[in-house]
Every structure is written in structure tokens, then in C-alpha cells.
Amino acid sequence: MLKLILVFSLVNSTSAQQKDTQLTLEKAFEYAVANSLDGFIAKRQYGANFWQLRAFKARLLPQLNLELQPIEFNRAVVQRFDPARNVDVFRQQQNFSNVARLSLNQNVLITGARVFVSSSFNRLVNFGENRIENYNVTPISVGIDQPIMAFNELKWRRKTLDLEYEQSKKEYISSVQQIHVKTIDLFFNWALANNKLRIAKENKTNAVRLYDIGQKRYDLGAIAKDDLLNLELETYTTNTKLAQAGQELQAVLTELQIFLDVKDLSDYTPMLPELIPNLKINPEEAKELMLENNPESLGLTIREIEAKRDLQRAIKENRFDLSINAQYGLNQQASELSEAYKNPLDQQIVSVQFSMPILDWGERKGNIETAKMNKELSDIEVRQSKNGIIQDLIQKVNNFNLQEDLVTVSQKSRDISRASYEIAEGRFATGKIDLIRFLNSRTSWQSASDQYIQSLQQFWKFYYELQGVTLYNFIDRIHLKEDFENILNN
């Protein structure tokens, strides 16, 4: 009974150890997104777009600015007009000044105006025969700068920036799926190389065993000398192929380790993901999801808005300019600081600026017509791009829907060729078939084994490419999401 318990414990321990040394594709995805250079770039690109939006939104909030010139000393000979003699003369000037200004500015998104409130302080001390100190203060001044016919950059920027930020989030999710696709290629290359090494080891063992059998049959006169020599040659050939398979495995494993940023995977073996049976994707559903979620589709919408914006800019900037500036404040000057804040005087400034070309030989009309042509060209390019990504999506859907059948066929071919190889090996050992037929059977099995892994690789690669285009999980039937707050903190 004790022996039986020990046996079961050993089996369970070995099984657990093997399980722990297997690396799943999902775990490889986690390493790739968290550690790879591609994942780092995707995170930083999203972060840059996020802070760009924050910076623009800050422009729409009140801005409080403090301007200081605490010390300015000026000593120079300057030209001055002498009214007593009605001539210009050179006089020495020596003064000391302090300037401070506090302003609150607010951009108005709808009209493109700038509203401001400010307060300023000016102190001037002149040195010479008589020391003169003077103060000029503006306790408060309120004003507005309102362009009437100018292009409103803020308004158009607001239209696209929210879309650009939404696009950046979708681009990050899409980038994660692209990292998954790259991981699939490296992971399955590792699985393929690992499978080739396993087969090479098995072939070497079989070659040595069959050579021993061949020597005994040759001693009995059952096979010819050239068959024995071919069996001996096969032992050397399998040794060479085993060494090549080991080198190939090390190369792909190193590439995978660098991409995942893990130190050593030599003690691990890849666990191939299973095929998802009966997973078919409807082309129309995929098309609707792509148009709704795909960052490239959203980018085309942004391009349409930008084309309208550029046309409006050309029209506004190539007609006439009209703007109104108004300012009201209180102002006073005195030789004493306390007196400067008493009985302030009104300060009123109103200006209307108007500019219109009289003769420009058609330059402005040409600029407007150019902008119109560029918009029409952009509209055509957007339509072509949209048709192109739809066509590419349909092709991806068709490839994926077909791949399940190809995986099933390749799996059956692998199993059948393996059984055929085992039968051929037994028949060759008993002398019922020759070496060439045996080797052909082994080659067919090895080829079918590789083909199965490659077809399974294509299945998952097609799936994650579709998931990256539509940003939709067709297995769990949910939209892909990310914790963007956590991304900014990492």
C-alpha cells in the first residue's frame, strides 16, 4: 500500500512539474503587452495623445498670468526735443523702474474671442539734478478682442480633438492585438522548432535501433550490403538533423525571449491553443463593427472634418478681415503710491479694424479654388480608403472562416500519416518494405505534423487580425476594452 502511495505521489509530482513548465499562448500575450518594446511604444503613444487633449482643454479654461520686471536700470545718452529752442538735443538719462501685471484671460470657443481682466503697477524713478519718483497704476481693466470674419481655429480643433483622443484609445487596443499577432508568429515558430527537435530525437533513436536490426539481418543474409550502408548513413544523417533542429530551436527561442523580455524559456515547452470549433464570423456583422470601432475608420471621419476645416480657413483668410477690440479700465498716476490709487480716471479704448483687398490679381480666389479642389480630392481618397479597408476585412473574414476546415484536415492528415509511419516502421523492420518507402512514410508524417502546427497558427493569426480590425471579441461576444487610467500610471 505504501509503495502504491509513493508511485501515485511521484506521478502527480511529475505531472505538476510538466504542467508548470508549459507556457500558454495567453501567458505569452501577457508578457508581450507588459514587457515588449512594442507594448511600451503603444502605451507612450496613447499617453502623448491623452496629454495633448488635456493641454487643449486647458486652453479653454481661465488662464491667470503674472508678468514681473522687478528691476530695470537705464543709464544712457538719448535724443530729446528742447521746446524752448525748438531743436533736438542729447541729454543724459538715468532711471530705475519696476513693472508688475496680473491678468486673467479666457478664450471663448464659440466666437473665437478673448476676454481678459488685468491689473498693473508701474514705478519709475528718474535720477538727475532732482530725483523724481512716479507711480502709474491700473487697478482693473476689462477688455475683449473679438474677430468677426476670422477663422476660428479653436472651434475646429475642438471638433477633431475629441475624435483624435477616441482614435488614440482605439489605436492602443488595436496595437495590443497587433502585439498578439506578432506573439503568435514567434510562439508558433517556437512550437514548430520544438516539434522538429522532438521528431529529430525520435528519428535518431529509431535510426540506431533499425541499424542494429539491419546488422542482424545482414548477418543472416536477409538484406544486401548497400541497404545496411544506407541504414548506417541514416544514423549520421539523423545526428546532423538533430544538431540543426537544436540550433533552429535556440534561434527562435532567443528571438521570443527578447520580444517577451524574459530571461530564459529553455525549461519551458509551448502549449498549443485549441481550435475553437464552429466559430464562424458574419461578414456584415464584422463590417459594421469595423466601421464603428476601427481607428482607421475613425481616422477617415477626422480627415473629412479636416478637409472642411481647411476649406473654411481658405475662405475666411482670403476675403476680408474685421475685428472689434474694446477695453475699459481705471487708471491713475501720482508721485506717491497711496495717491495713485485715489480718484482713478476712466480708461476707455475701442477700435474696429477692417482690411479688404482691392486688387490682388486673383490670388485670393485662386487660394479658395485650390482649397475646394483639395477638399474634393480628399473626399474621393476617403471613399477609396473606406472601400479598401472594407474589402480587406471581407478577405480576412473569408480566410478565417475557411481556416477551421484546413486545421481539421491537417490534424487528420497528421494522425493518419503518424499511424502509417508506425506501420511502415514495423514492416521495414520485418523486411516487408524497402528503406526508400520507409523514409518516404516518415517524411510524410513529419511534413503533416509541421503542417498541422502551421495551419493552427494561421487560424489564430487570422482571428486576432480580425479582432484587431473590429476591436471585438467574437468568442465571448464583447467589445474589447482597456484600463486606460492604469496605462497612464505605468
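The set of residues from the range 250-264 being of a type in the set (A, V, I, L, M, F, W, C) and not in a helix (DSSP H, G or I) comprises just one member, Val262.
For every residue, the table says whether it meets (1) exposed (fewer than 14 other Cβ atoms within 10 Å of the Cβ); (2) at pLDDT 80 or above; (3) under 30 Å from Tyr172 (Cα atoms).
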residue	(1), (2), (3)
Thr301	no, yes, yes
Lys308	no, yes, yes
Leu311	no, yes, no
Ala314	no, yes, no
Gln332	no, no, no
Asp346	yes, no, no
Glu369	yes, yes, no
Glu376	yes, yes, no
Lys386	no, yes, yes
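Counting just the residues of the range 160-188 that are of a type in the set (Phe, Trp, Tyr) and under 30 Å from Ile453 (Cβ atoms), which one comes out nearest to the chain's Cα centre (by Cα)? Here the answer is Phe187. Within the range 263-280, the set of residues being under 26 Å from the mean Cα position of the chain (by Cα) and surrounded by 18 or more Cβ atoms within 10 Å (Cβ to Cβ) is empty.
Residue pairs whose Cβ atoms lie under 8 Å apart, sitting 6 or more positions apart in sequence or on different chains, and linking a residue in the range 228-243 that is over 16 Å from Ile436 (Cβ atoms) to a partner that is β-branched (Val, Ile, Thr) and part of a helix (DSSP H, G or I), are Thr235/Val208. For first residues located in the range 419-432 and assigned by TED's automatic domain parsing to the domain that holds Thr443, partners that are assigned to a loop (DSSP other than H, G, I, E, B) and not small (Gly, Ala, Ser) and lie 6+ apart or on another chain with Cβ distances below 8 Å form the pairs Ala424/Ile433; Arg427/Ile433; Phe428/Asp434; Gly431/Ile223. The single residue among Asn294, Asn282, Asn318, Asn325 that is of a type outside the set (Asp, Glu) and in contact with a Ser or Thr (Cβ under 6 Å, 6 or more places away or on another chain) turns out to be Asn325. Scanning the range 128-138 for any residue that is under 30 Å from Met356 (Cβ atoms), out of contact with any strand residue (DSSP E or B) (no Cβ under 8 Å at 6 or more places or on another chain) and exposed (fewer than 13 other Cβ atoms within 10 Å of the Cβ) turns up nothing. Every listed requirement among (1) surrounded by fewer than 17 Cβ atoms within 10 Å (Cβ to Cβ); (2) not hydroxyl-bearing (Ser, Thr, Tyr); (3) not in a helix (DSSP H, G or I) is met by Gln391 save one, (3). If I filter the range 221-271 down to residues being under 30 Å from Leu37 (Cβ atoms) and of a type in the set (Ser, Thr, Tyr), which single residue comes out as modelled with the lowest pLDDT? By that ranking, first place goes to Ser266.
Of all the numbered requirements in (1) closer than 26 Å to Leu275 by Cβ; (2) touching a helix residue (DSSP H, G or I) at 6+ places or on another chain (Cβ under 6 Å), Asp415 misses one, and that requirement is (2).
Out of curiosity, is Phe96 closer than 30 Å to Tyr341 by Cα, under 43 Å from the mean Cα position of the chain (by Cα) and aromatic (Phe, Trp, Tyr)?
Numbers: closer than 30 Å to Tyr341 by Cα: yes; under 43 Å from the mean Cα position of the chain (by Cα): no; aromatic (Phe, Trp, Tyr): yes.
The answer is no for Phe96.
Within the bounds of the range 390-402, is there any residue that is assigned by TED's automatic domain parsing to the domain that holds Leu456, at pLDDT 85 or above and within 30 Å of Ser441 (Cα to Cα)? Checked the range 390-402: at least one residue is assigned by TED's automatic domain parsing to the domain that holds Leu456, at pLDDT 85 or above and within 30 Å of Ser441 (Cα to Cα). Within the set Val382, Val409, the sole residue that is modelled with pLDDT of 90 or more, surrounded by fewer than 18 Cβ atoms within 10 Å (Cβ to Cβ) and either more than 30 Å from Glu304 (Cβ to Cβ) or assigned by TED's automatic domain parsing to the domain that holds Leu289 (or both) turns out to be Val409. When Gln247, Gln178 are screened for being assigned to a helix (DSSP H, G or I), over 16 Å from Thr443 (Cα atoms), polar (S, T, N, Q) and touching a helix residue (DSSP H, G or I) at 6+ places or on another chain (Cβ under 9 Å), only Gln178 passes. Restricted to helices (runs of 4 or more DSSP H) entirely inside the range 281-353, those with at least 2 residues that are of a type in the set (Gly, Ala, Ser) are 295-317, 337-340. Residue under question is Ala243, and the condition is that it be surrounded by fewer than 16 Cβ atoms within 10 Å (Cβ to Cβ), of a type outside the set (S, T, N, Q), out of contact with any Leu (no Cβ under 9 Å at 6 or more places or on another chain) and more than 25 Å from Arg418 (Cα to Cα); does it hold? Judged against the criteria, Ala243 is not a match.
So Phe90 ticks every box in (1) more than 25 Å from Tyr341 (Cβ to Cβ); (2) surrounded by 16 or more Cβ atoms within 10 Å (Cβ to Cβ) but one. Which box is left unticked? (2) is the only condition that Phe90 fails.
Being closer than 26 Å to Val469 by Cα, surrounded by fewer than 18 Cβ atoms within 10 Å (Cβ to Cβ) and either in contact with a Ser or Thr (Cβ under 7 Å, 6 or more places away or on another chain) or not assigned by TED's automatic domain parsing to the domain that holds Phe188 (or both) is a property that Leu260 lacks.
When we screen Ala28, Ala42 for residues that are of a type in the set (A, V, I, L, M, F, W, C), at pLDDT 90 or above, within 15 Å of Ser175 (Cα to Cα) and surrounded by 14 or more Cβ atoms within 10 Å (Cβ to Cβ), the only hit is Ala42.
The values are calculated or read from the model by the stated rules, or taken from the named source; none is laboratory data. If you're wondering where the values come from, they're calculated on a predicted model, not measured in any experiment. No Cβ is skipped: glycine too gets one built from the backbone with ideal geometry, and neighbour counts run over all protein chains shown.
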